[in-house]
Amino acid sequence: MSTFVQTIVDGLGRGSTYALLALGISVIFGVMHLVNFAHAELITVGAYLAYFLSTRDINWWVLAPAIVVSAVVASVATERIAFRWVRGSSPFTMLLTSFALERLSHALWQVFVSPTKKSFAGPAWVFDTFEVGGIRFEWMDVATIAVTALVLALTAFVFRRTLFGIAVRAASEDFDAARLMGARANRVIAGAFAFAGFLAGVAAALILMRSPSAEPALGSDYLIKAVVAAIIGGLGSFTGAVAGGLALGLAEVMLRGYLPEGVWERLTDAFVFALIAALFIVRPQGLFTVRSAERV
Amino acid sequence: MPSSGLSAERAERLGRSAIASGAMFAVTVVAATVYTSSGGAARDLLVQELLVNIVIVMGLQVFIGSTGILSFGHLAFAQIAAYGVALTAIPAATKVGTLPDIPFGLGDVELGPVGATVVAVVAATILGAVIGVAIARAGGLAATMITLAVLFAVDQVVKNWQEMTRGAGGLSSVPRLTTNTWLWLAALVALLVAHVFRETRAGRFAVAARDDEIAAPAIGINVFWPRWTAWVVSVALVALAGALRVQMIGSTNPKQYTLDVGILLLAMLVVGGMRTVSGAFVGTAVITIGNEAARQIGDTHEIERLPELFLGVALLIVMLLRPGGLLGDADIAAWLQRRWHRSRRREAASPGALAGDEPASDEAPARSAASSGTGSGWGADSGSGSGALVVRDVVVRFGGFRALDGAALRVRPGEIVGLIGPNGAGKTTLFNVVNGLVAEESGTVMLGDRDLSHDPPHRIARAGLARTFQNLRLFGTQSVRENVALAALAARRYRPERVTVEVDDLLAQAGLLAVAERRAATLDYGNQRRLELARAAALSPEFLLLDEPTSGMSNAESLAMVDHVRTTARHVGAGVLVIDHDLAFVTRISDHIVALAEGRVIAEGTPDEIADDHAVAEAYLGRRDASTPP
């Protein structure tokens with residue numbers, strides 16, 4: 001029983017960061033039909049900022065917000081520099097544009113900073129644990145889940161109650177109609193990028209606290225998981241992205257925990273991907289369907 | 001005449017594939033010879049890399065270029081083939097030492113280069129064909145995600161199944177090929193396959209489905225098969241590249257098949273222009289050479305990772321400035337085709353008329369149809385008699401809204417029925433139900449005694465219902481002629497019992513012969529409407545379903561359209577069901593009119609009866625308020 005609970009907490013902790021990233025990808029997809037493969041580069045931006053600041057002995061209470069801010073700025077910058085110019089192009093073009101940005105980001109860090117990994121110190125309490133009813137929890141897991149829950153609650157509030165959130169949701173269903181209702185394309189899209197940057201920044205802070213290091217290709221692993229989570233959930237569906245992220249985290253941890261040892265255990269990730277492939281065969285549109293406004 | 005024209009066309013298609021492939025191959029040979037004539041073995045390596053890249057990118061072009069579905073998964077099959085070659089070709093004596101626990105008795109297998117290549121490519125292709133079923137079914141973004149999952153799954157298996165693969169370290173001591181002959185041959189084969197595939201039925205249908213996924217089934221294309229065929233052909237090419245590459249360098253490891261490498265190859269496809277073979281070829285050359293140049297400049301100036309910077313910048317610039325690639329839709333093969341059609345038309349025009357009835361239409365596009373009459377061939381009565389189109393009690397609900405609420409109508413063979421009604425009456429929804437895009441909750445659609453209620457769109461089109469779309473769905477990147485030819489091709493294949501219609505005749509009738517080699521998307525609005533009608537007619541349908549054929553046309557054009565629709569329908573022996581808002585048009589053209597409001601038939605009869613009908617007037621103009629005196 002106790003290992004089961006630990007596995008669940010572990011899985012939710014891992015899934016939380018996927019969920020935050022996937023939600024950002026889904027929000028951006030909603031407003032402009034871009035699958036943003038450069039999204040996880042925001043983590044890299046945060047990581048290098050944290051690395052530079054931590055060499056100056058800056059406290060994590062300052063670092064974490066700084067990471068979030070840097071991600072927001074970087075996210076909005078990508079929109080201004082690149083995505084604005086391909087808005088309305090085919091999804092294929094937009095996707096490759098994001099790829100180009102991802103490559104460029106890798107290359108720039110490599111050329112101008114260093115191709116090797118730079119480690120720095122995380123907060124002291126990260127690996128501390130506490131015990132409840134005979135079950136041992138890591139503080140970091142609990143903090144990750146709590147922060148994620150808080151951010152998701154905030155997200156729900158923004159999308160339900162604020163004019164900006166409603167405009168984004170409306171734009172996700174039918175951008176033309178939203179524009180006719182007075183939503184301003186530039187502002188809604190830039191806002192969506194800022195919000196996605198905020199979510200990625202929170203994810204980055206959580207990830208970096210646990211593994212404080214910066215390297216050019218840091219984003220790649222998270223990117224794949226986040227994109228997959230967003231698509232599992234059904235691109236453009238915000239609930240779906242969160243569910244997809246959590247499900248992916250749980251599936252990873254569960255499979256690792258329950259597959260027999262030996263070759264099978266080593267093939268955990270292969271199984272996760274095989275499961276994902278199977279899911280798309282059964283439900284090509286993902287778990288949650290978004291109504292499309294295309295007319296015939 | 002038609003059959004000889006057909007085989008001449010086939011010969012021409014093969015001819016231009018051969019010419020285009022030969023031209024690209026010759027350019028490569030000359031460039032490689034010049035480049036390697038000075039400088040040492042390093043230069044030879046670049047040539048090898050270029051040749052392998054050509055094979056892979058041609059493979060990618062066949063699938064990604066023709067279907068428009070992005071794939072990250074192709075490298076997985078290059079990897080499978082490479083490991084297949086390694087496992088079967090490494091000498092048994094070596095395997096005892098390096099792979100002691102190898103399963104399936106592979107330890108004793110020792111094939112020659114040809115045997116190992118064939119086994120590996122066939123194995124990878126069969127696996128690809130199975131996975132391809134899922135990919136071709138899913139389509140779109142889901143297919144892309146499946147390919148991504150396949151890439152990672154294969155990568156993980158290779159990295160972790162150490163008994164077979166030795167994990168991240170990879171396999172070495174694969175017997176090496178000593179000359180580049182096989183690579184050159186593979187490159188030539190790849191160029192030929194890519195060019196020829198584009199001319200096959202599967203290739204042309206795949207491109208049609210890429211351009212419009214809804215219009216393709218509407219002319220009888222089952223998008224699954226062309227997609228799957230393209231996938232299998234492309235996987236085979238990529239597997240061939242993988243199998244040869246491992247024998248050039250003598251070893252293989254997972255690092256050669258990562259997503260990063262995949263993106264480099266995708267960049268080659270996209271930078272030149274993925275939609276055409278010429279574009280893919282140019283892109284491969286530009287990126288391979290640029291990458292090497294960046295590496296050398298980086299080495300001399302001690303800038304690390306310059307090639308990656310080059311790749312990112314090149315891809316970004318192309319996407320922002322020329323999203324269609326450097327070449328866009330420019331293509332040697334397509335250019336040869338246009339030349340051929342032009343010269344053939346000039347030949348046909350000089351000694352006299354081609355089909356006897358239509359040379360004038362070239363000069364007078366819009367009105368010409370009126371004069372063409374029933375000149376030749378199969379007239380009104382030749383309809384093969386599959387019976388009437390009968391729609392009964394159809395109910396469709398969108399959420400709580402009843403879009404159709406027991407709608408019914410009947411169109412007899414050769415008859416022209418107008419379908420009118422205010423906005424939101426359910427006219428287009430009724431069309432969508434009839435051709436299978438929208439599933440009805442209840443009710444039936446019958447063509448003669450055949451029940452079409454549950455058939456998918458491509459089956460319904462093959463049964464003989466062809467439609468046009470309210471907001472125009474042409475195969476935009478294809479020529480005007482190809483738009484019609486695709487439907488004629490589908491008709492020959494799927495409706496062999498009907499007499500096929502000559503593409504040139506239909507183009508002439510629509511007044512489109514002069515613009516036949518232009519891209520469909522570049523036509524003006526009226527011509528696009530006429531082209532859509534011609535495309536639908538080319539299917540030799542039993543019934544033409546026309547959704548607002550005069551929308552956006554001037555009054556004069558609408559009037560001309562009355563005769564044009566009539567002649568075209570009579571020409572192919574089809575009945576017509578037509579939706580239009582222009583009452584003058586509908587009244588003139590229809591034998592019978594059905595008026596729809598709120599998903600129900602509120603009146604039907606001859607045009608005169610409908611004009612006097614109170615219910616129709618009310619539906620259009622609103623009820624006369626009781627308080628207002630008449």
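From the list A:PRO216, A:PRO212, which one is in contact with a strand residue (DSSP E or B) (Cβ under 9 Å, 6 or more places away or on another chain), modelled with pLDDT of 80 or more and crowded, with 20+ Cβ neighbours inside 10 Å?
After ruling out the rest, the residue left standing is A:PRO212.
Restricting attention to helices (runs of 4 or more DSSP H) lying wholly within region B:244-351, give those where 2 or more residues are buried (at least 18 other Cβ atoms within 10 Å of the Cβ) and more than 9 Å from chain A (Cβ to nearest Cβ).
Helices (runs of 4 or more DSSP H) meeting the threshold: B:259-272, B:277-301, B:332-349.
Let's see how each residue does on (1) of a type in the set (Gly, Ala, Ser); (2) in contact (Cβ under 8 Å) with a residue 60 or more places away in the chain; (3) surrounded by fewer than 24 Cβ atoms within 10 Å (Cβ to Cβ):
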position: B:ARG535; (1), (2), (3): no, yes, no
position: B:SER551; (1), (2), (3): yes, yes, yes
position: B:ASN555; (1), (2), (3): no, no, yes
position: B:SER558; (1), (2), (3): yes, no, yes
position: B:MET561; (1), (2), (3): no, no, no
position: B:ALA574; (1), (2), (3): yes, yes, no
position: B:ASP582; (1), (2), (3): no, no, yes
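A quick yes/no check of all residues on (1) over 22 Å from B:GLU9 (Cα atoms); (2) among the hydroxyl-bearing types (Ser, Thr, Tyr); (3) not assigned by TED's automatic domain parsing to the domain that holds B:PHE224:
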{"site": "B:MET164", "(1), (2), (3)": "yes, no, no"}
{"site": "B:GLY169", "(1), (2), (3)": "yes, no, no"}
{"site": "B:ARG176", "(1), (2), (3)": "yes, no, no"}
{"site": "B:TRP182", "(1), (2), (3)": "yes, no, no"}
{"site": "B:PHE197", "(1), (2), (3)": "no, no, no"}
{"site": "B:THR200", "(1), (2), (3)": "no, yes, no"}
{"site": "B:ARG204", "(1), (2), (3)": "no, no, no"}
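Looking only at residues in region B:406-455 that are at positive phi and touching a helix residue (DSSP H, G or I) at 6+ places or on another chain (Cβ under 7 Å), which one is farthest from the other protein chains (Cβ to nearest Cβ)?
For region B:406-455, the residue satisfying everything is B:GLY414.
Looking at region B:91-122 only, could you name the residues that are among the β-branched types (Val, Ile, Thr) and crowded, with 24+ Cβ neighbours inside 10 Å?
B:THR117, B:VAL121
So which residues in region B:475-508 are within 14 Å of chain A (Cβ to nearest Cβ) and either surrounded by 20 or more Cβ atoms within 10 Å (Cβ to Cβ) or more than 27 Å from B:ILE579 (Cβ to Cβ) (or both)?
Matches in region B:475-508: B:THR477 only.
Quick one: which helices (runs of 4 or more DSSP H) sit completely within region B:121-226 and have at least 1 residues that are within 14 Å of chain A (Cβ to nearest Cβ) and under 30 Å from B:THR468 (Cβ atoms)?
B:140-160, B:201-211, B:215-218
Among the numbered criteria (1) basic (Lys, Arg); (2) surrounded by fewer than 24 Cβ atoms within 10 Å (Cβ to Cβ); (3) within 25 Å of B:VAL445 (Cβ to Cβ), which single criterion is violated by B:ARG588?
Of (1) basic (Lys, Arg); (2) surrounded by fewer than 24 Cβ atoms within 10 Å (Cβ to Cβ); (3) within 25 Å of B:VAL445 (Cβ to Cβ), only one is false for B:ARG588: (3).
Tell me which residues, restricted to region A:78-120, are away from chain B (no Cβ under 14 Å) and either aromatic (Phe, Trp, Tyr) or within 30 Å of A:THR3 (Cα to Cα) (or both).
A:PHE120
Looking at region B:57-80, which of the residues that are in contact with a Lys or Arg (Cβ under 9 Å, 6 or more places away or on another chain) and buried (at least 24 other Cβ atoms within 10 Å of the Cβ) is nearest to the other protein chains (Cβ to nearest Cβ)?
B:ILE69
May I ask you to list the residues in region B:517-531 that are surrounded by fewer than 24 Cβ atoms within 10 Å (Cβ to Cβ) and under 23 Å from the mean Cα position of the chain (by Cα)?
Result: B:GLU517, B:ARG518, B:ARG519, B:ALA521, B:THR522, B:LEU523, B:ASP524, B:TYR525, B:ASN527, B:GLN528.
Could you figure out which of (1) over 30 Å from A:VAL282 (Cβ atoms); (2) within 17 Å of the chain's Cα centre (by Cα); (3) buried (at least 22 other Cβ atoms within 10 Å of the Cβ) isn't true of A:GLY233?
All conditions pass for A:GLY233, except number (1).
Taking A:VAL158 as the residue in question, decide whether it is free of Cβ contacts under 8 Å to residues at least 40 places away in the same chain, surrounded by 11 or more Cβ atoms within 10 Å (Cβ to Cβ), part of a helix (DSSP H, G or I) and not acidic (Asp, Glu).
Answer is yes for this residue.
In this structure, is B:ALA439 within 25 Å of B:PHE398 (Cα to Cα) and assigned to a loop (DSSP other than H, G, I, E, B)?
Yes: the conditions hold for B:ALA439.
The values are calculated or read from the model by the stated rules, or taken from the named source; none is laboratory data. Every value quoted in this text rests on a predicted model; they were computed, and no experiment measured them. Every residue, glycine among them, receives a Cβ derived from its backbone with ideal geometry; neighbour counts consider all protein chains shown.
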